[in-house]
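Notes follow once the structure below has been shown.
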Amino acid sequence: MIWMTDAIHIPGTGRPLFPDGQPVVRLETVDSATGRRFSDRTEVILFNLRYKGNSKRGDLAHDFRETDPKKMKNPLLRELMQRVKYTEKGEMEMCELTRQIFQDGKTEGIQEGIQEGIQKGEIRSSRKTAGKMLRKGLYSLQDIAELTSLSLSEVRRLQAELNP
């Protein structure tokens, strides 16, 4: 998998993403809990779009940043960009692609919103049930947590809210 980025730092760390301004970084997939490397042969390559070296990689980064096809160095990218920017067919294809990306994002957002709403509703319902169980005083905190799928700390928080 190749990711192209113009990021400078690793988020949250301030450390440079590309040491010494290198054009490419290869990442290994590691289990964050155990520190073990995955053996699925997944390879993640980050390509530095800010790279300005005097090489094929530098030319490629230049072309990805360039908005004027006439200034692109790679003939294939130049031709593709000219077709997209300067022909009616290319313009129509880009409009359709943009519309499809928008529609896909909208659909995905709606699905995520529905799922989030369901999860919030389930949590609200579980908290309500746990509150009723706490008021009755017939169940241990551990039982309430188990029966409502809430964490024990959440049940304790509810108990504190009910008995200030």
For the list (1) closer than 22 Å to R65 by Cβ; (2) among the β-branched types (V, I, T); (3) touching a strand residue (DSSP E or B) at 6+ places or on another chain (Cβ under 6 Å); (4) surrounded by 10 or more Cβ atoms within 10 Å (Cβ to Cβ), I need the number of the one condition that V30 fails.
(1)
Please tell me if T107 is of a type in the set (S, T, Y) and loosely packed, with under 10 Cβ neighbours inside 10 Å.
no
When region 45-64 is checked residue by residue, the ones that are touching a Lys or Arg at 6+ places or on another chain (Cβ under 7 Å) and loosely packed, with under 14 Cβ neighbours inside 10 Å are I45
Which one of these does P164 not meet: (1) modelled with pLDDT of 90 or more; (2) not in a helix (DSSP H, G or I)?
(1)
Every pair of residues 6+ apart whose Cβ atoms lie under 9 Å, when the first sits in region 15-32 and is within 11 Å of N48 (Cβ to Cβ) and free of Cβ contacts under 8 Å to residues at least 40 places away in the same chain while the second is in a strand (DSSP E or B) and of a type in the set (D, E)
none
Of residues in region 102-122 being farther than 30 Å from A145 by Cα and either of a type in the set (S, T, N, Q) or not assigned by TED's automatic domain parsing to the domain that holds S149 (or both), the one farthest from the chain's Cα centre (by Cα):
Q103
Would you mind stating whether R78 is surrounded by 15 or more Cβ atoms within 10 Å (Cβ to Cβ), over 29 Å from the mean Cα position of the chain (by Cα) and closer than 30 Å to L17 by Cα?
yes
For region 113-135, does any single residue satisfy the condition of being under 23 Å from D6 (Cα atoms), out of contact with any Lys or Arg (no Cβ under 9 Å at 6 or more places or on another chain) and either surrounded by 13 or more Cβ atoms within 10 Å (Cβ to Cβ) or modelled with pLDDT under 95 (or both)?
no
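The values are calculated or read from the model by the stated rules, or taken from the named source; none is laboratory data. These numbers come from a predicted model, not from an experiment. For neighbour counting, all protein chains shown are included, and Cβ atoms are generated from backbone atoms with ideal geometry for every residue, glycine included.
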